[in-house]
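One structure is given here, and the rest of the page talks about it.
The values are calculated or read from the model by the stated rules, or taken from the named source; none is laboratory data. The shown structure was predicted, so the numbers you read here are calculated from the model rather than taken from an experiment. Note that each Cβ is placed from the backbone with ideal geometry, even for glycine, and that neighbours are counted across all protein chains shown.
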Amino acid sequence: MSIYIILTIIFFIASVAGLWGMFEKAGEPGWKVLIPFYNFYVWLKIIHKPLWWYIFLLIPFINVFTIMLMVVEFLKNFKKFSLGQQALSVIFPYIYLPYLGFSKKETYTPTPDLPKIEKTWAREWIDAIIFAVIAATIIRTFLIEAYTIPTSSMEKSMLIGDFLFVSKVAYGPKVPNTPLSIPFMHHSLPGSNIKSYVEWVKLPYYRFPGLDEVDHKDVVVFNFPAGDTVVLQYPAQTYNSIIRQLGERYMMQNPQQFHNIKPGTQKFLNKAKKVGRNVLWNNPQQFGKIVYRPVDKRENYVKRCIGLPGDSLKIVDQQVYINGKKQKLPENAQFQYKVTTNGTPIHPSIIEKYDITEGDTLDRTFKHFHYVMTDDVKSKISKLSNVKKVEPVIQKASEWNPDIFPHHVNYKWTIDNFGPIYIPEKGKTININTENIALYKRIIDVYEKNDLEIKDDKIFINGKESSTYTFQMNYFWMMGDNRHNSLDSRYWGYVPMDHVVGRASFVWLSLDYNKKGLFRKIRFNKMFRVVK
């Protein structure tokens, strides 16, 4: 049993014990607080609140806020009217309620006999603001939260400028790792790199039961797994990519120091990361501040779930196979194509008609172009009179980029030819060795917080030589529908379950930032649509 569950049980028992004493002081038998559903009925009678409040007690997570209100109202029966007292009762009910219930100094006063408290306009506004902040915080933490789409990785399924609601209850809301933060701010204050949270209090991972489980093809919002260490000057690049590129550049510029290390080898790659790390950390004025972010404060990404725990995944010439079975592409999946014309460029009106937003000219003859298109648009472009040929742009395995997961010469994969790879499942045990450890190193060391060392071709986990490993969490494989313009699992690997935020559910507003004028910016045909 986790420490979080143990503490929750202790705090619950203490709070109930406090209510027992408060019930008795109010003239009701204390045992009534133990009877589910009936206890709330009695409580509402004690504080003289209408029974229709009971409706809110039946709505998950909204009931948490309602109970807070009932606690505050009950406090008034003990003549506790100040904001400080009410805040203590809500934040620390397991301390304050037992005090009220069992302290001989504290007495109960029926609601009709309470003195009328005249609130100043300032107090009225403060109460209203606190009420709104608490209500909104509970809703966005446990029920639903609004997000915007910042990149084209899911185009055309989801567009830059889409405002969507993400369901937290779909997979179960998780307890914030860093609960002490400024409301409605993610990791930084607006327009700055100042943290919006403090880490004095850290809570372990815990997820409440959800309505569903992550499934194939779900559009999922999650905390960026590779976003733990961030170079603020280069927020769009991963830390490992930055240090590798810096290291390679330095080594190429100083060949005399590294003449005994052959480029393209794992030794060269490892050395580049080490050199790049030193360059980055020793030059703060040039590269800016480097910060570490806890899981719940990492950037929010939205991708489509392609692989589930226990799946085997492989990509062959852009086609995804799960457990050996060919997968149907998402309806709006896009790839890059090479378009050859007769020398006449494709007219801009055609580009606009088919909503092609990404493309470039490959030469000045206007015969060769690269366009990112859906399969449907590709078929229409192929029929144009000036188009001779449309060919898919496929990255072959020989075109390996070390930024592709797992960043090791044993696995020279590309975004179009990748795998096979096993997606870890909680409780499953696998064999590990120096040949395949690159696939699972970050899981063992970072996500599941073990001390991993490799010495003399032997693997040590928490100081013990190991040839097997049992996964502690489920993992997922996420990819963008815009397959050639998506920083996804092909670059940084698996998404742990504790990084999953919720399911993208509904787009309520869509803005085209390239257009001028408020009403011209609004994509009316893209509003109020269900994400699928």
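Can Lys274 be described as assigned to a helix (DSSP H, G or I) and not β-branched (Val, Ile, Thr)? Here the answer is yes, as Lys274 does meet what is asked. In segment 415-435 there is no residue that is without any contact (Cβ under 8 Å) to a residue 24 or more places away in the chain and in a loop (DSSP other than H, G, I, E, B). Being at pLDDT 85 or above, among the polar types (S, T, N, Q) and closer than 15 Å to Leu313 by Cβ holds for only one residue in Ser505, Ser489, and it is Ser489.
If you scan segment 507-532, which residues turn out to be in contact with a Phe, Trp or Tyr (Cβ under 8 Å, 6 or more places away or on another chain) and within 14 Å of Ile149 (Cβ to Cβ)? Residues satisfying the conditions are Val507, Trp508, Leu509, Ser510, Leu511, Met527, Arg529, Val531.
Return yes or no: is Tyr292 touching a Phe, Trp or Tyr at 6+ places or on another chain (Cβ under 6 Å) and either farther than 30 Å from Val387 by Cβ or of a type outside the set (A, V, I, L, M, F, W, C) (or both)? The answer is no for Tyr292.
Counting only residues that are over 30 Å from Tyr301 (Cα atoms) and either hydroxyl-bearing (Ser, Thr, Tyr) or surrounded by 15 or more Cβ atoms within 10 Å (Cβ to Cβ) (or both), segment 433-459 holds 2 of them.
Return yes or no: is Tyr301 aromatic (Phe, Trp, Tyr), under 30 Å from Leu164 (Cα atoms) and touching a residue at least 40 places away in the same chain (Cβ under 8 Å)? Considered against the rule, which asks whether it is aromatic (Phe, Trp, Tyr), under 30 Å from Leu164 (Cα atoms) and touching a residue at least 40 places away in the same chain (Cβ under 8 Å), Tyr301 comes out as yes. The residues of segment 344-383 that are among the polar types (S, T, N, Q), part of a helix (DSSP H, G or I) and more than 37 Å from the chain's Cα centre (by Cα), listed by number, are Ser349, Ser382. Of all residues in segment 499-521, those satisfying the criterion of being charged (D, E, K, R) and either touching a strand residue (DSSP E or B) at 6+ places or on another chain (Cβ under 6 Å) or assigned by TED's automatic domain parsing to the domain that holds Tyr371 (or both) are Arg503, Lys521. In a residue-by-residue description of segment 153-164, the property of being surrounded by fewer than 18 Cβ atoms within 10 Å (Cβ to Cβ), outside any loop (DSSP other than H, G, I, E, B) and in contact (Cβ under 8 Å) with a residue 24 or more places away in the chain applies to at least one position.
Take the conditions more than 20 Å from Arg490 (Cβ to Cβ) and either touching a residue at least 40 places away in the same chain (Cβ under 8 Å) or part of a loop (DSSP other than H, G, I, E, B) (or both) and apply them to Asn240. Does it pass? Spelling it out, it is not the case that Asn240 is more than 20 Å from Arg490 (Cβ to Cβ) and either touching a residue at least 40 places away in the same chain (Cβ under 8 Å) or part of a loop (DSSP other than H, G, I, E, B) (or both). For first residues located in segment 269-288 and under 18 Å from Val230 (Cβ atoms), partners that are modelled with pLDDT under 90 and part of a helix (DSSP H, G or I) and lie 6+ apart or on another chain with Cβ distances below 6 Å form the pairs Leu280/Phe287. Residues that are of a type in the set (Gly, Ala, Ser) number at least 3 in the following helices (runs of 4 or more DSSP H) confined to segment 29-98: 83-91. Among the candidates Tyr475, Tyr440, the residue that is touching a Pro at 6+ places or on another chain (Cβ under 8 Å) and without any contact (Cβ under 8 Å) to a residue 40 or more places away in the chain is uniquely Tyr440. Checked against (1) within 29 Å of Ala504 (Cβ to Cβ); (2) without any contact (Cβ under 8 Å) to a residue 24 or more places away in the chain; (3) not in a loop (DSSP other than H, G, I, E, B), Trp125 meets all criteria but (1). Quick one: in segment 277-317, which of the residues that are in contact with a Pro (Cβ under 7 Å, 6 or more places away or on another chain) and outside any strand (DSSP E or B) is surrounded by the fewest Cβ atoms within 10 Å (Cβ to Cβ)? Looking at residues that are in contact with a Pro (Cβ under 7 Å, 6 or more places away or on another chain) and outside any strand (DSSP E or B), I get Pro309. Taken over segment 92-151, the criterion of being of a type in the set (Ser, Thr, Tyr) and within 23 Å of Ile59 (Cβ to Cβ) is satisfied by Thr137, Thr141, Tyr147. Pairing each residue of segment 219-232 that is at negative phi with any residue that is of a type in the set (Asp, Glu), provided the two are 6+ apart or on different chains, yields C-beta distances under 6 Å for Phe224/Glu299; Gly227/Glu299. Under the condition of being under 24 Å from Val372 (Cβ atoms) and either in contact with a strand residue (DSSP E or B) (Cβ under 7 Å, 6 or more places away or on another chain) or assigned to a strand (DSSP E or B) (or both), the residues counted in segment 448-494 number 13. Do we find a residue being touching an Asp or Glu at 6+ places or on another chain (Cβ under 6 Å), surrounded by fewer than 23 Cβ atoms within 10 Å (Cβ to Cβ) and of a type outside the set (Ser, Thr, Tyr) anywhere in segment 524-532? No - not one qualifying residue is present in segment 524-532.
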